[in-house]
């Protein structure tokens, strides 16, 4: 059919790139008849922490921050036939006393397999999601030389929530409050005679309808986060409950959904046998409009 008005059709071809490992680049080849390229670039979330451990009073670990997001639309004729994608890995949750989880990886899209700004189309954030609870900082798209070929929107990540003190629950947060992702939430604290619950991720959304529950019994693990690809949104992991008494480890933090933070560990006497929740890996989604 002859397109007299020169308006792109609604035919679309979508490719999802998952993390292939830290530092591993993947390639995308532009198909024939492509008119526009839509990009969704999400980094990896950070892992949850273990707070200091003690036989008596001990606090819960904090949750890891979530990743940044960049979305863009580029005329296809301005791009070469092949572009390169590096999808950020999620950070590992802590396994050590008084240690934060690992930071998440930044996702990159560029004209070469390089993180140099001179060859980039975009990157998911300026600084990655952090195991100290900070969400990824917003990407400065103008610094990526070839980002000037299209129209882009950048979104910062969400901070993880604090762990509870020895006498309080881990701090909770709401899904879809300000972003498509959440940080992880904190673990509950404990004393020699009591334990406290891990933080929850609550939701009043028509899409994310189930609460992600923190541990509510002695040393219970927090739930893993969850989400959907259509529409894209997800949650971090919930916090583990503290372990009552002078021996044993607190509950494990839940793992985060794509780009979301891992939950913090509940307070305990030892880090052995427990772990902060892992941050979710990043994603890159490229859609061709013909």
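The table below gives the values:
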{"item": "Among the candidates 228, 272, 209, 247, residue that is without any contact (Cβ under 8 Å) to a residue 60 or more places away in the chain and over 30 Å from residue 71 (Cα atoms)", "result": "272"}
{"item": "Residue that is part of a loop (DSSP other than H, G, I, E, B), closer than 24 Å to residue 224 by Cβ and either within 18 Å of the chain's Cα centre (by Cα) or modelled with pLDDT of 95 or more (or both), where the choices are 48, 23", "result": "48"}
{"item": "Failed condition for residue 179, given (1) surrounded by fewer than 24 Cβ atoms within 10 Å (Cβ to Cβ); (2) modelled with pLDDT of 95 or more; (3) under 14 Å from the mean Cα position of the chain (by Cα); (4) over 23 Å from residue 95 (Cα atoms)", "result": "(2)"}
{"item": "Any hit, segment 250-267, residues being over 21 Å from the mean Cα position of the chain (by Cα), surrounded by fewer than 24 Cβ atoms within 10 Å (Cβ to Cβ) and either over 16 Å from residue 173 (Cβ atoms) or free of Cβ contacts under 8 Å to residues at least 60 places away in the same chain (or both)", "result": "no"}
{"item": "Qualifying residue in segment 71-85 (condition: under 20 Å from residue 21 (Cβ atoms), surrounded by 16 or more Cβ atoms within 10 Å (Cβ to Cβ), in contact (Cβ under 8 Å) with a residue 12 or more places away in the chain and within 16 Å of the chain's Cα centre (by Cα))", "result": "no"}
{"item": "Residue in segment 115-123 that is at pLDDT 95 or above and either within 15 Å of the chain's Cα centre (by Cα) or within 28 Å of residue 222 (Cα to Cα) (or both) present", "result": "yes"}
{"item": "Filtered residue count, segment 26-45, keeping only those that are part of a loop (DSSP other than H, G, I, E, B) and either closer than 29 Å to residue 91 by Cβ or out of contact with any strand residue (DSSP E or B) (no Cβ under 7 Å at 6 or more places or on another chain) (or both)", "result": "6"}
{"item": "Qualifying residue in segment 192-212 (condition: touching a strand residue (DSSP E or B) at 6+ places or on another chain (Cβ under 9 Å), modelled with pLDDT of 95 or more, under 30 Å from residue 13 (Cα atoms) and assigned to a loop (DSSP other than H, G, I, E, B))", "result": "no"}
{"item": "Selected residue (only one of 64, 103, 110 is modelled with pLDDT of 95 or more and in contact with a strand residue (DSSP E or B) (Cβ under 6 Å, 6 or more places away or on another chain))", "result": "110"}
{"item": "Evaluation of residue 115 against (1) touching a residue at least 60 places away in the same chain (Cβ under 8 Å); (2) in a loop (DSSP other than H, G, I, E, B); (3) surrounded by fewer than 24 Cβ atoms within 10 Å (Cβ to Cβ); (4) in contact with a strand residue (DSSP E or B) (Cβ under 7 Å, 6 or more places away or on another chain) (one fails), failing number", "result": "(1)"}
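The values are calculated or read from the model by the stated rules, or taken from the named source; none is laboratory data. Just so you know, these numbers come straight off a predicted model, no measurement behind them. Every residue, glycine as well, gets a Cβ built from its backbone with ideal geometry; the counts of neighbours run over all protein chains shown.
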